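A.B. asks: Handing you a structure now.
The values are calculated or read from the model by the stated rules, or taken from the named source; none is laboratory data. Remember, it's a predicted structure, so these values are computed and weren't measured experimentally. Note: ideal-geometry Cβ built from the backbone for every residue, glycine included; neighbour counts use all protein chains shown. Note: areas computed on protein heavy atoms with side chains; ligands, DNA, RNA excluded. Shrake-Rupley method; radii C 1.70, N 1.55, O 1.52, S 1.80 Å.
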Amino acid sequence: MSEVTPEIKARVEELRREIDHHNYLYYVLDKPGITDAQYDQLMQQLIQLEAAHPELITPDSPTQRVGGQVQQGFQAVPHRVPMLSLGNAFGEADLREFDRRVRTNLPGEEVEYVVELKIDGLAVSLWYENGLLVRGATRGNGEYGEDITANLRTVKAIPLRLKEDVPFLEVRGEAYMPKDSFVRLNEAREEAGEPLFANPRNAAAGSLRQLDPGVTASRNLSIFMYAIGHLEGPGPRSHAAALAWLKQLGFRVNQHYKVCQDISQVIDYCAKWHEKRFDLPYAIDGLVIKVNSLDQQQRLGATLKSPRWAIAYKFPAEQAVSTIKDIILR
Ligand SMILES: NC(=O)c1cnc(OC2CCCC2)nc1N
């Protein structure tokens, strides 16, 4: 093994920064800055330098996303803050009833809502210590999840290192399989005589619960972050500010969220996306409405399993019976 010179160390660090930046442009912002060939060229240089100087390898190096070993199973891990499930609203009357309950519990106060698309994937929790990804887990039963860190590290939209070294941060998001990846995967499975996945949510869940991270890496999963689970130190005071801060840290955040001043604006926004949902490159099964003020969220609290400050608006199930492909590709 040849001696590590300062020049080699500097080159490795420069390659890492450049590759991380291009991963961020491509997988987080959907705005690639270079061609795939140029990207592969950078990766090959870094792989070769790290192979010649393994002592330079760090856990957050872009070459360390796909771990080697196949796991025997998944460790059960406790969530510091339970991952609650959402109550459902199936129409305008349910949404107005939700608004009435919120305002009854916050007498005389102004209430703002944030409305987000409800990504149809798998809820996951990511833990970062000093800006480094240290753990990833499924929601599980809300109290305990499964440790799928090795699999989540392969999702390139998940940063291995944040843009700021926050001491401790746990964030939640929805991992999902884009529609075109879902169709391609099922076509390949049909070719191979394997059972098809019924929908992108099952495909994402199946891909994340693989014992071999190499299989997860091949499934082209992505993610949208939607909440801070636990944060040490001062943080944002509203949910909208939390989403902006997560984006600033380098996370992928869905940009179709809207701050609404009253429930009528919420209802209009839900109607708009009920119309437009097939224009999206990923599956959604509704929208999520949240009280914007984190202080009001705190004071509204939660029932045993659901927050009083949030509700899911679910789209009516598909009327026409059509093949999964038509629905996905409509
Ligand atoms: N699938 C989604 O896109 C989604 C799921 N969950 C939440 O919020 C949590 C926070 C409090 C209970 C639910 N937001 C979302 N956008």
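A.B. asks: On a full-extension model of 0.36 nm per residue, what is the gain between Asp295 and Asp262, subtracting their alpha-carbon distance, rounded to one decimal in nm?
C.D. replies: 10.1 nm
A.B. asks: Take the alpha carbon gyration tensor of the stretch 1-50, find the square roots of its eigenvalues, order them as a ≥ b ≥ c, and report rounded if a/c is under 1.5; if not, report prolate when a/b exceeds b/c, else oblate.
C.D. replies: Prolate shape, in that a/c is at least 1.5 and a/b is the bigger ratio.
A.B. asks: Let me ask another. How far apart, in nm, are the 7 Å Cα→Cβ label points at Ala188 and Glu110?
C.D. replies: Going from the Ala188 label point to the Glu110 one covers 5.1 nm.
A.B. asks: Right, next: Taking a cut-off of 26 Å between Cα atoms, list the lysines near Lys179, but don't count ones fewer than 8 places away on the same chain.
C.D. replies: Output for Lys179: Lys31, Lys118, Lys156, Lys247, Lys258, Lys272, Lys276, Lys314, Lys325.
A.B. asks: Kindly state, to the nearest 0.05, the FRET efficiency for Ala271 paired with His230, given R0 = 35 Å and r defined as their beta-carbon distance.
C.D. replies: 0.50
A.B. asks: Continuing with this model, one more query. Top mean-square fluctuation among Ala240, Ala204, Ala76, Gaussian network model of the chain, C-alpha springs under 10 Å?
C.D. replies: Looking only at Ala240, Ala204, Ala76, the biggest GNM fluctuation is shown by Ala76.
A.B. asks: Run the simple label-point estimate for Lys31 and Arg17 please: 7 Å along Cα→C-beta, distance reported in nm.
C.D. replies: 2.0 nm
A.B. asks: What does the net charge come to around Ala76 if you take all other residues with beta carbon closer than 11 Å to its beta carbon, with K and R at +1 and D and E at -1?
C.D. replies: Details: positive: none; negative: Glu143, Glu146, Asp147.
Cβ neighbours under 11 Å give a net charge of -3.
A.B. asks: Can I ask one more? Counting only other residues whose beta carbon sits under 12 Å from that of Met177, what net charge do I get with K and R as +1, D and E as -1?
C.D. replies: Working: positive: Lys179, Arg184, Arg201, Arg219; negative: Asp120, Glu174, Asp180.
So the surrounding residues net to +1.
A.B. asks: Still on this structure, please answer the following. Using a 1.4 angstrom probe on heavy atoms only, work out the carbon and sulfur share of the accessible area of the chain in %.
C.D. replies: 53 percent
A.B. asks: If r is the Cβ-Cβ distance from Ala241 to Arg100 and R0 is 30 Å, what FRET efficiency results, to the nearest 0.05?
C.D. replies: Numbers: r = 26 Å, r/R0 = 0.87.
The calculated FRET efficiency here is 0.70.
A.B. asks: May I ask for the net charge around Phe168, where only other residues with Cβ less than 14 Å from the Cβ of Phe168 are counted and Lys, Arg are +1 while Asp, Glu are -1?
C.D. replies: -3
A.B. asks: Quick one: if the Förster radius is 35 Å, what FRET efficiency do Ala317 and Asp212 give, using the C-beta to C-beta distance and rounding to 0.05?
C.D. replies: My answer for the efficiency is 0.50.
A.B. asks: Another one. With a probe of 1.4 Å, find how much accessible area the stretch 60-152 has per residue, and write the answer as a whole number in Å².
C.D. replies: 47 Å²
A.B. asks: Calculate, in nm to one decimal, what Ala93 and Thr63 gain on full extension: separation in residues at 0.36 nm each, minus their alpha carbon distance.
C.D. replies: That pair, Ala93 and Thr63, stretches by 5.7 nm at full extension.
A.B. asks: Of the peptides 124-137, 89-102, 3-16, how do they stack up when ordered by the mean number of other Cβ atoms within 10 Å, highest first?
C.D. replies: My ranking of the peptides, most packed first, is 124-137, 89-102, 3-16.
A.B. asks: Only residues of the stretch 48-91 count here: report those whose backbone N is under 12 Å from the spot 7 Å along Cα→Cβ of Ile8, or say none.
C.D. replies: Counting backbone N atoms under 12 Å from the label point, the list is 48-57.
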